[in-house]
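In what follows, a single structure is set out as structure tokens and then discussed.
The values are calculated or read from the model by the stated rules, or taken from the named source; none is laboratory data. Computed from a predicted structure; not experimentally measured. Please note: Cβ atoms are built from the backbone with ideal geometry, for glycine as well, and neighbour counts cover all protein chains shown. For the accessible areas, the whole protein counts, side chains as well, though only heavy atoms, and no ligand, DNA or RNA atoms are used. Shrake-Rupley method; radii C 1.70, N 1.55, O 1.52, S 1.80 Å.
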Amino acid sequence: MVPTSKAERKAALDVASWMFNVVTSVGIIMVNKALMATYGFSFATTLTGLHFATTTIITVVLRWLGYVQPSHLPVPELLKFAFFANLSIVGMNVSLMWNSVGFYQIAKLCMIPVSCFLEVLFDKVRYSRDTKLSIVVVLLGVAVCTVTDVSVNAKGLIAAVIAVWSTALQQYYVHFLQRKYSLGSFNLLGHTAPAQAASLLLLGPFIDYLLTTKKVYAFDYNVISVFFITLSCLIAIGTNLSQFICIGRFTAVSFQVLGHMKTILVLFLGFFLFGREGLNLQVVLGMILAVAGMIWYGNASSKPGGKERRTPTDKSHKNRSLSDSEQLDEKV
């Protein structure tokens, strides 16, 4: 049945956006897991640079074909975004290397409170009691699923703090730039992907060598490994685009909360595809609790007063910017 009202059409596009992000994100995690665990390609930073290089090529082709219209993003804004985004990528990789898996997962869960703080600080957002409680339930459920051994050291703690704050700032900045400059997701990607691709491909091999003591140029490339690298790059186009679409349509907090659905799916698919070791009653209960919290969050935040700005200044401009951005994403 085709949606008739504006609200139904928006709801259908919201669901499609989330499904697009979930499918591409889970897909790229599964491909990268096979690439790194099975074929030994452990150069995560360089691989991310290749992802953005592929995304850059696609945005250039689409702009040349006329599907993406020219837009403007000031260079200082672009440099700030690229700095936060690249620091997030490097910080998460270093945090995983220097911390236990348990503490790494706890650090990832801290992104939601940090994102909430940024929205309260900069956007004057107010959350209802039910919205706050639903976020706590999601965090608790994911923690029960993923947090096992927890050990902390000084340098690992510093890396985790940098990773959490830079990731939260990068995701907040996606939403901010799309609204301020009326940019669609592909428009914003067209500005940011080339800068990230150039910087990560330049610095990635050196960072990966420091993290793995292996040289990306000395890797034994064969047909299967090149196939998985190519597949990872192709899926990354959808992952990058869907992230910008979701944060643009919603907020960084909503993206983080519902994004934990991907964590649950990755766990489930990991048990299904790579063996059931580690699957127990605690993990199952954690999954159920997390999913229940996500449903509660979706219901609570959509109610009047569930999540709202206290000072909606320049409301007409914001609504116009939102409409322009959504129209561009719908065309894509």
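Remarks
- Out-of-range pairs (alpha-carbon distance over 27 Å; input LYS80/LYS215; LYS10/LYS180; LYS155/LYS214; LYS33/LYS180): LYS80/LYS215; LYS33/LYS180
- For VAL60 and VAL161, the FRET efficiency from 1/(1 + (r/R0)^6), where r spans their Cβ atoms and R0 equals 35 Å, is about 0.45.
- For the chain, accessible area per residue (1.4 Å probe, heavy atoms of protein chains only), Å²: 50
- Relative contact order, percent, the chain [alpha-carbon distance under 8 Å, six or more residues apart]: 36
- Stokes-Einstein D in µm²/s, Kirkwood radius over Cα pairs - the range 1-128 at 10 °C with 1.306 mPa s viscosity: 85
- Couplings for the range 131-141, taken from phi via the Karplus curve 6.51 cos²θ - 1.76 cosθ + 1.60 with θ = phi - 60°, read 5, 5, 5, 5, 5, 4, 5, 4, 4, 5, x Hz in order; Gly and Pro are left as x.
- Measuring between their Cα centroids, the range 175-254 and the range 70-119 lie 13 Å from each other.
- Measuring nothing but protein heavy atoms, the accessible surface of the chain at 1.4 Å probe radius is 70 percent carbon and sulfur.
- The length gained on full extension between ALA143 and LYS6, counted as 0.36 nm times the residue separation minus their Cα-Cα distance, comes to 45.5 nm.
- When Rg and Dmax are taken over the Cα atoms of the range 84-178, they come to 14.0, 39 Å.
- Length released on extending from LEU201 to SER302, taking residue separation times 0.36 nm less the Cα-Cα span: 32.3 nm
- Full extension of the chain segment joining SER71 with GLN282 gains 71.0 nm, where the gain is 0.36 nm per residue of separation less the Cα-Cα distance.
- Volume per residue of the C-alpha convex hull in the chain, rounded to whole Å³: 157
- From helices alone, the chain scores -27000 deg cm²/dmol at 222 nm; the rule is -39500 (n - 2.57) for each run of n ≥ 4 DSSP H residues, then divide by the residue total.
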